[in-house]
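Asks: Below you will find the structure I want to go over with you.
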Amino acid sequence: MVVIEPETNNFRELVRENLANEQQRKLLGDFSLILKALRDFSFGEMADGHAALQGGQKIREYAVNSLPYLLETFEENATKAGAKVIWARDAREANAFIISLAKEKGADLCVKGKSMVSEEIGLREELIKNGIDTYETDLGEFIVQLAGKRPFHIVGPAINMSVDEVSCLFNQVLGFDKTQNPVDLTMAARIFLRDKFEGAQIGITGANMAVAETGSIILVENEGNIRFSTSAPETHIAVVGIEKVVPTLSDATHMLKLLTRSCTGQRISEYVSVITGPRKAGEVDGPEELYIVILDNGRSRIYADEAMKSALQCIKCGLCAAVCPVYTHVGGYAYGWVYSGPIGAVLNPLLLGLGKAKHLYQATTLCGACKDYCPGGVDIPNILLSLRERAMAGDRSLAADRPPVRQKIFYCLWTWVLMDRLRYKIVSKLFRMVLRIAGVGKLPILPAGLSGWTQCRNMPQPAKKSFHDLYAETSKWMAL
Amino acid sequence: MMHSATNRSIILNRLKRFAVRPDAPIESKIAKNRVHDLDALYSSFSQALTANGGTVIQVNKKDGALESLENIMKELDADTAVISEDSVLKTLGLKEHLNTRGINVLKGEKNPTAHKGTCFSADVGITGADYALADTGTIVIFHGKNNARLLSLAPPAHIAIVEKGKLLPDIDTLVAEIGPSRRDLPSAMTLITGPSLTADIALQAIYGVHGPKKLYVIFIE
């Protein structure tokens, strides 16, 4: 189902590597501070920012609850406006459709807007593999493509790279002169991509929202590359996850206010495109054909699971990453796949299968900052807890690994010990004795088999007296 | 081979087992019509767009608009322009006027490839706007036969000439305004709030990454 090999199970190695990057850690600290301040200011400007946030969470909850019905209405209205709606069950189907369409059109040049879902299905790589020259046109994503990396953050895919790194990259790959001025680098990208916009036969984008009421898709951006991709080529293909639909235009504008404020702290982005069908008769630009590919790719499986369902309320603003104590230390690469930050710790395991992303949902503090800030109302901390529970239970419906036999035996024994007071007393006494003897030195590390527990923390010395002992003594004393 | 129709029913049926049918009609909530003071809206618009890197100018009538347009063209050192078929621009006699001032107004092309060529080569794109939103400093363009999309995008500068009466308080009033004719939304409606912007390299804000480096909005009283 997944085209690019995820590295989600290399979490430990990736974390170690990324924590050692001092420059990146400093940037993450700044990024988090700046974004939080901008975000808080922009919400503070609203008549009632808190009510607006809650309103948005309600809209997303309602939209997800009525998802299939809204999708039907969306399809009906989009079709009426002249768009062609295509349904794809997984990455392979979506990619195959788009590639065969591109070939049918005789296309050899394609421009892309930044889209997480196309990243998820590996669309760019597939197009290139099939001989269709494809360029990411969002500046950050363009840099990511040239560098052959993954997005570092949902909204700012290359924010971790220094001016020098980008300069070297542009010099090596595009042959531009080296410079320390980010303006020159930006203009270099402008010059390089301008011909592509003019010449491309196909423009590919995602969609921030699909509006059931009108059959429109809404695209939010600052650079104008999405406007080019949806205006210049003769064919526009929008890949839209099933969860992107909202009921009405007024719901969409409400979400828009929250989205831009949460993404970048802007009241509104520089450009918002509301696209309803392809160009009409007499229009000289805009695509002749608009294809909207509605993609499932594992989302209906998430939908069927009550504990996980709210993950689909995410609007991909990326704010949870900026407020997360884990992300702001380890950065985006550590998440090993397309989605990063707290929502990545939820979506990567859910979309790839729990067994393929074992560490992500464990490596969280459960502080709940992500939930407090989330404009979509995703209950990330509770989903993380449920993921841990399902992984423990070896839930096959989420493709969790079978838990190791040793672990099973251990927990059976542990339960058996806890079931009886006397057993508990004897075993805990024994355990304390062993620990005390073994730990005459300072920090006992648990022996093989249990050493995982002490890999990242010390095993504390047991107290001289157990709680039960103390309780018994105190009771005696109280009785006096 | 993929069968979109089969996929459609598979996906929808799977979802419907866990979904709730919408309990309200799928219709936008329409904001109440508020009485608004155009001068207050203008000042809010001007403040918001200026903060976002745009330039806002208010002029009296036709002559003022043409004069300030000329000044901008001089400032930009622009030789060529593409202009939309917006009725405001027609009333101003913009094309004729610019031609007499030595600015080459490129011919509007009917062929998409030729049209792209002119838009990508012009120094300035001049358009009208269907609405202007005061609280964000946004202009709203309904693209269509008379308002091609690339005019306000491909040239390195965009000048919009807007009647002051097109000002609305915010995006909610816009939804209310276009509400009754929602089914007839244009193929593309674009909300523009400043020049093209990026902060993708080292978080530094830079204008003009792909689209216009400069945006001017001229309001006619």
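Asks: Which of A:Ser216, B:Ser152 comes first, and how do the rest follow, when ranked by fewest Cβ neighbours within 10 Å?
Replies: The fewest-first ordering by Cβ neighbours comes to A:Ser216, B:Ser152.
Asks: Right, next: Tell me, B:Tyr131, A:Tyr471 in order of fewest to most beta-carbon neighbours within 10 Å?
Replies: Ascending number of Cβ neighbours within 10 Å: A:Tyr471, B:Tyr131.
Asks: So if I place +1 on the C-beta of Lys and Arg and -1 on the C-beta of Asp and Glu, and nothing else carries charge, what would the dipole magnitude of the protein assembly as shown be about its Cα centre? I want it in debye, nearest 20.
Replies: My answer is approximately 3440 debye.
Asks: From the Cα gyration tensor of segment A:46-297, with a ≥ b ≥ c the square roots of its eigenvalues, which class applies: rounded if a/c is under 1.5, or else prolate if a/b is larger than b/c, or else oblate?
Replies: Taking the square roots of the gyration eigenvalues as a ≥ b ≥ c, segment A:46-297 is oblate.
Asks: Turning to a different aspect of this structure: Measuring from centroid to centroid over Cα atoms, what is the spacing of segment A:77-117 and segment B:111-156 in Å?
Replies: Spelled out, the Cα-based centre of one part sits 26 Å from the other.
Asks: Cβ neighbours within 10 Å, averaged per peptide: list A:110-117, A:359-366 in order, most packed at the top.
Replies: A:110-117, A:359-366
Asks: Average partner chain C-beta neighbours within 10 Å, per residue of A:63-75?
Replies: That average works out to 5.
Asks: Can you flag which of A:Lys112/B:Lys116; A:Lys36/A:Lys112; A:Lys84/B:Lys29; A:Lys58/B:Lys29; A:Lys26/A:Lys149 are past 22 Å Cα-Cα?
Replies: Listed pairs above 22 Å: A:Lys36/A:Lys112; A:Lys84/B:Lys29.
Asks: Within 10 Å of each Cβ in peptide A:248-260, how many partner chain Cβ atoms are there on average? Round it to a whole number, please.
Replies: For this peptide, the per-residue mean of nearby foreign Cβ atoms is 4.
Asks: So which trypsin sites (Lys or Arg not before Pro) in segment A:145-240 end up in coil per DSSP with only 14 or fewer other C-beta atoms within 10 Å?
Replies: Counting only loop positions with at most 14 other Cβ atoms within 10 Å, the trypsin sites (Lys or Arg not before Pro) in segment A:145-240 are A:Lys178.
Asks: Report, in debye and to the nearest 20, how large the dipole of segment B:74-221 comes out about its Cα centre when Lys and Arg carry +1 and Asp and Glu carry -1 on their Cβ.
Replies: That gives segment B:74-221 a dipole magnitude of about 460 debye.
Asks: Find the centroid of the Cα atoms in segment A:247-272 and in segment A:174-211, then give the distance between the two in whole Å.
Replies: A separation of 24 Å, based on Cα centres.
Asks: Next up: Short version: ³J(HN,Hα) in whole Hz for each residue of segment A:363-373, in order, from phi by Karplus 6.51 cos²θ - 1.76 cosθ + 1.60 (θ = phi - 60°), x for Gly and Pro, what are they?
Replies: 7, 9, 8, 6, 6, x, 4, 4, 5, 4, 8
Asks: Could I ask something else about it? How many partner chain Cβ atoms sit within 10 Å of a residue's Cβ in peptide B:132-141, on average, as a whole number?
Replies: The per-residue average across the peptide is 2.
Asks: Got a sec? Charge dipole of the protein assembly as shown, +1 on Cβ for Lys and Arg, -1 for Asp and Glu; which of B:Ala81, A:Leu258, A:Ile237 is way out at the positive end?
Replies: Ranked along the dipole, the leading option is A:Leu258.
Asks: Hey, another quick one. Please arrange A:Leu38, A:Leu422, A:Leu67 by counting, for each residue, the other beta carbons lying within 10 Å of its beta carbon, fewest first.
Replies: The fewest-first ordering by Cβ neighbours comes to A:Leu422, A:Leu38, A:Leu67.
Asks: May I ask which of B:Lys90/B:Lys145; A:Lys114/A:Lys316; A:Lys257/A:Lys309; B:Lys74/B:Lys110; A:Lys425/A:Lys465; A:Lys244/A:Lys316 have a Cα-Cα span longer than 19 Å here?
Replies: A:Lys257/A:Lys309; B:Lys74/B:Lys110
Asks: Could I ask something else about it? Whole-Hz ³J(HN,Hα) for each residue in segment B:87-93, computed from phi via Karplus 6.51 cos²θ - 1.76 cosθ + 1.60 with θ = phi - 60°, x for glycine and proline: what do you get?
Replies: Result, ordered by residue: 5, 4, 5, 5, 4, 6, x Hz.
Values quoted throughout were computed directly from the atomic coordinates according to the rules given, and no laboratory measurement underlies them. Quantities reported herein were computed from a predicted structural model and do not represent experimental measurements. Neighbour counts run over all protein chains shown; Cβ positions are idealised from the backbone, glycine included.
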